[in-house]
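One structure is given here, and the rest of the page talks about it.
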Amino acid sequence: AFQRQGVTGFQLRPAIVEAARTRKPDSSVNVPRYQELVVTGRGGDADPRSGIRLIYTCQSCVLRTYSSYENGLLVNESNWDGSDIFTLNGYRRHILVTPKVKDIIIENRFTNCFLIEVEKLRWPGSVMRPESLHRR
């Protein structure tokens, strides 16, 4: 769905299912092909209004530690590469998406993901399921 709609900021790579505990291996079972979505889009450093600050930089490696956010994960558009799917420095596990991607997720009824408006995100955060969002 993302590829058909021209979404940017991601790559797909094959994912391997290594084990299933439900029953003994059966060669007649056709296992579907799975892919992992890898985020490649970059948002750089967050907007300072988010409250995120760089609190530590290692002098001998690339490690950088950031503070928690106070006012959501606000994007500094001058640092953002313009991708539809991206992350902010210090928050690689928080995947940010544009409204285009949000609409694709809702229209296709994707599962195992949650959508939270970045301005409403608070530490440690609350979760909103895609089906509970109303279109704007």
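Taking packing as the residue-averaged number of other Cβ atoms within 10 angstrom, the listed peptides 82-89, 31-38 run from highest to lowest as 82-89, 31-38.
For region 70-105, which trypsin sites (Lys or Arg not before Pro) are both in a DSSP coil and crowded by at most 12 other Cβ atoms within 10 Å? Don't jump to the answer; show the numbers that get you there.
Numbers: sites: ARG92, ARG93, LYS100, LYS102; in loops: none.
Here no loop site has a sparse enough neighbourhood.
Every number in this text was worked out from the coordinates using simple rules, so none of it is lab data. Keep in mind that what you see is a predicted model, and the values were worked out from it rather than measured. All Cβ positions, even for glycine, are placed from backbone atoms using ideal geometry, and neighbour counts span all protein chains on display.
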